[in-house]
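Chemist: Take a look at the following structure, please.
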Amino acid sequence: MTVRNKLLVLVACVTVLACVAGAAVWRATDRADRRNQVQAGGPAIHAGPVTLGPKGTSAPTGVTGGNGAAGAAPSASGRRIVFRSLAWGPHRDELASVAAADPEGPRTASGVKCLRFYAAGGTGICLQAERGPVTDTYQALVLDSRLHETRHVGLAGIPTRARVSPSGRMVAWTVFVGGDSYAGTNFSTRASILDTRTGVLQPTLEDYTVIRDGKRIRAADFNFWGVTFADDEHFYATLGTAGHTYLIRGDVATRTATTLRTNVECPSLSPDGTRIAFKKRVPGLSPDAPWRLYVLDLATLKDHPTAETRNVDDQAVWSDDDTLVYSLPGDYGSDLYTVPASGAGSARLLMRSALAPAYLG
């Protein structure tokens, strides 16, 4: 082949690659544009004040909340769910509120965007992305009951889990700092706990003393994730090391973590403090979808499966002492489902285009 022909082939290849890249960019841009358009058949959603306080909490007249809206929040009858709304349109990714008794009803969007969120005791934790020209950065925002930012902390990686203690004093989050999936072995997580009253930040649970079978253990591959609070001093979480996962009970004051049993990931403590909902790796399942939703009795450390038979890669939320809520992939990112904690009944769709719910009121 002559030099001229080689150049022609090179130019042709570059042109084809440029066309492919241009088409990919166009498709991505087109999809991004469509996400800003209201989806057909999607939930009704409008801008308005959203609060994290008790039922009927309102913003003072003329005070603008974190949602940019002034005036009093509407008095809710019954409990509310505050969550990240994934419905396409101008309010996508904003924290939204809906009546717990009518989860598919009209949503009130706050204007505050979060990747992960949780709230309790009038405190919210919002894990947010800061979009950059080349790479994104992430931060944790502590929110008061009117969604005002009271503190922010830079994050070392991609947000994945968030929790608040029942009193609202303690907040926790988990980020990925390497890899992108729990399903494989090439990942690293970092779990942090912040005391919102004192401002003391525990940047990583890897600094904790880990006790297993009465003896301290050490390992370079410790990973912690999925904090769930019992109170302001104690919590449960997952410890991963040497290819195994452990449920640990942590003590904030002494910075110790005691292993309780194996094969427990992303624990969620029941409101009565007696059970843990978690995702369990079940032998024989696909390595890409290895988890089923289980419930553990803390008194006996025995577990049982729920009626949800699909792969659940989420930290479930208890809507009450008997019911679990969790996310599964949906047409617009994620949908919320619910299933009895007892193992009876069946799973059912709760809310479309939603993620990271917190039950309030």
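The values are calculated or read from the model by the stated rules, or taken from the named source; none is laboratory data. Computed from a predicted structure; not experimentally measured. So basically every Cβ, Gly included, is an ideal-geometry build from the backbone, and we count neighbours across all protein chains shown.
Chemist: Test Asp314 against the stated conditions and say whether it is out of contact with any helix residue (DSSP H, G or I) (no Cβ under 9 Å at 6 or more places or on another chain) and surrounded by fewer than 16 Cβ atoms within 10 Å (Cβ to Cβ).
Modeler: Against the criterion (out of contact with any helix residue (DSSP H, G or I) (no Cβ under 9 Å at 6 or more places or on another chain) and surrounded by fewer than 16 Cβ atoms within 10 Å (Cβ to Cβ)), Asp314 does not qualify.
Chemist: Oh, and also: Is the range 263-275 home to any residue that is farther than 15 Å from Ala172 by Cα, outside any loop (DSSP other than H, G, I, E, B) and either of a type in the set (Gly, Ala, Ser) or at pLDDT 95 or above (or both)?
Modeler: Yes - at least one qualifying residue is present in the range 263-275.
Chemist: With respect to Ser342, determine if the residue is within 13 Å of the chain's Cα centre (by Cα) and hydroxyl-bearing (Ser, Thr, Tyr).
Modeler: No; evaluated as a whole, the condition is false for this residue.
Chemist: Further question: Are there strands (runs of 3 or more DSSP E) fully within the range 131-175 with at least 2 residues that are surrounded by fewer than 17 Cβ atoms within 10 Å (Cβ to Cβ)? List them.
Modeler: 137-143, 149-155
Chemist: With the requirement that a residue be closer than 16 Å to Lys280 by Cβ and either assigned to a strand (DSSP E or B) or without any contact (Cβ under 8 Å) to a residue 24 or more places away in the chain (or both), what does the range 226-243 give you?
Modeler: Gly226, Thr228, Tyr236, Ala237, Thr238, Leu239, Gly240
Chemist: I need a count of the residues in the range 311-348 that are part of a strand (DSSP E or B) and not polar (S, T, N, Q).
Modeler: Residues meeting the conditions: 13.
Chemist: Does Trp88 qualify as being of a type in the set (Phe, Trp, Tyr), surrounded by fewer than 24 Cβ atoms within 10 Å (Cβ to Cβ) and either in contact (Cβ under 8 Å) with a residue 24 or more places away in the chain or over 23 Å from Ser268 (Cβ atoms) (or both)?
Modeler: Answer is yes for this residue.
Chemist: Considering only residues that are among the charged types (D, E, K, R) and closer than 22 Å to Thr323 by Cα, which ones fall in the range 281-301?
Modeler: Arg281, Arg292, Asp297, listed by residue number.
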